[in-house]
Structure formats: C-alpha cells, structure tokens
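Following: one structure in structure tokens, then a few remarks.
The values are calculated or read from the model by the stated rules, or taken from the named source; none is laboratory data. Bear in mind the structure is a predicted one, so any value in this text is a computation, not a measurement. Note that each Cβ is placed from the backbone with ideal geometry, even for glycine, and that neighbours are counted across all protein chains shown. These accessible areas exclude ligands, DNA and RNA; they are computed on the full protein's heavy atoms, side chains included. Shrake-Rupley method; radii C 1.70, N 1.55, O 1.52, S 1.80 Å.
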Amino acid sequence: MKIFAYVGSMRGKLSSTYKITMEIIDKVVEQAGEECDCNVVCANEAKVEICKGCMQCYQSGCPIEDDVRYIEQEMEKADLIIMASPVYVHQVSGSFKNLIDRMNTLCYTLRMIGKAGITVTVSNTNGNRFVDSYLNKVMDIWGTNVVANVSIQKFPEDELTNQIKIQKAVEKAVETIKDVQLLFKLTDNQRLIFTNYKNIFKNAEESCLKEYWEKNRYFECETVEEFISLKKSKFLNNE
C-alpha cells in the first residue's frame, strides 16, 4: 500500500495539521496490517510557483518546472491520498490553493479514480465546514473516492472527540482500500464529468488533454460502466 499526503501549512512539521496527518497515517498503517510506502510533502518544503495564467496547461502542458509534476505523479501512485490544510479565513492556506490551481488539468482527466481520499482541516474554533466542502469538491473532480473528512477544531472540542473522528476515518480508509468495489465507486458528479468531457474532447482540436484521453483508451468506452471496468483492469494488472 502507498500513501501520499500533502500538508498545506507553511509551518510544515511544526504544524498541528502535520501532526494530525501523521497520526492518521500511523493508524492506517497499523490497522491495514501490511507494508506501506508513505510520502508526506509539506507546503514549506515544496517548490510550487504561482500560476501565470498562460493557459498552456490545456494545450501542451504547464511550462513551469517545479515540484507540481512530482506531486501529481506521487498522487497517481498512491492508494490513499490525504489532503490536509489549516483553516485560513474559512479557506485552505494560500500555498495550498496555488497548488490546486497549478494541478488544474486533473479536473479534466479523472486521473485519481480508484484512490481513496481523506481530507484534514484544522482550525482554532471554526470554518472547517467551508474547507471540508471545498476539498471534497476538488478531490471528487479529480476522481478520488473521498471516504472521510477529519475536521479538527481545537476549541471547544476535546481530544476524545477528535480521536473518534480520526479513528472513524482510518477504519473507513482501510475498509475501502481493501475492497476493489468500494475503491472504484463513482459519485454522480464523476459520472457526469466522464460523459461530458468524453463528448467535448472527442470533437475538440488536438491538445494534451485529448491526447491523455486517447492514450488511456477513454474514448473506446461507450458507457461509464465500461470506463470503470477499464480502470479496474488496469489497477488489478498494476498498469
């Protein structure tokens, strides 16, 4: 099993967000009962340039050379993706939002189908639900199966309440990773994304996005069910 986590705090390993993320990872590894390759990237360690709005990501791919492609590749290799952020003015941190903007093409390729996801948000008192909702939406568009939101408020919630949230998320993640049917369960929104973008890219001019769909044989799938069968087959054959 492979776990990838991105911690969107510029305080890095000193942050509460990092410590909670590591607690979740440790519990998943323990309860999964198998060898695990874990990679945790913190915002203060990653080189992520600001999006320049050049629009090349839609045509030939982003021309900026930094750590974004590495982060995307690590996400693609993972069985469990954890997206964790402190709550800043009822949103993710600025560095995290910039990363999401830079990974824009994930919104058109469903590249994270077949991966379980957990969101982690940490606040002093409030605002978590807004960030939970935003990260849920983003990860859903990527194709991720978001199994839990670990929404931590330092006050007024107590440690026991937070531990219960963490344990429930861990149990759900382990259950999903071990069951292929659960892992590849699509949301209504993901079904709509496949249908709409299949029609759009099939008739569109050449671009890196259309090339991705062609390379991965998405256009050959007449239905969403065929698409899922194709993704499952690739997953089971380690392709």
Can you give the FRET efficiency for N126 and E220, using 1/(1 + (r/R0)^6), R0 = 45 Å, r = Cβ-Cβ distance, to the nearest 0.05? 0.40
Under unit Cβ charges (Lys, Arg +1; Asp, Glu -1), what dipole magnitude, rounded to 20 debye, does region 62-138 have relative to its Cα centre? 280 debye
For the chain, calculated [θ]222 nm from helices alone, where every DSSP H run of n ≥ 4 adds -39500 (n - 2.57): -14500 deg cm²/dmol
Counting only heavy atoms of the protein chains, get the accessible area per residue of region 104-185 (1.4 Å probe) and round it to a whole Å² value. 42 Å²
Give me the 1.4 Å probe accessible area per residue for region 1-56, excluding ligands and nucleic acids, in Å². 53 Å²
If you add up the charges near R129, with Lys and Arg at +1 and Asp and Glu at -1, over every other residue whose beta carbon is less than 14 angstrom from its beta carbon, what do you get? 0
If the cut-off is a Cα-Cα distance under 21 Å, which lysines reach K168, setting aside same-chain residues fewer than 8 apart in sequence? K2, K19, K27, K115, K137, K154, K178, K185
Once you order the gyration tensor axes a ≥ b ≥ c over the Cα atoms, which shape class does region 70-164 get: rounded for a/c under 1.5, otherwise prolate or oblate by comparing a/b with b/c? prolate
Of all accessible heavy-atom area on the chain, the percent that carbon and sulfur account for (1.4 Å): 50 percent
Picking from F4, V89, A32, whose Cα lies most toward the positive end of the charge dipole for region 1-125 (charges on Cβ: Lys, Arg +1; Asp, Glu -1)? V89
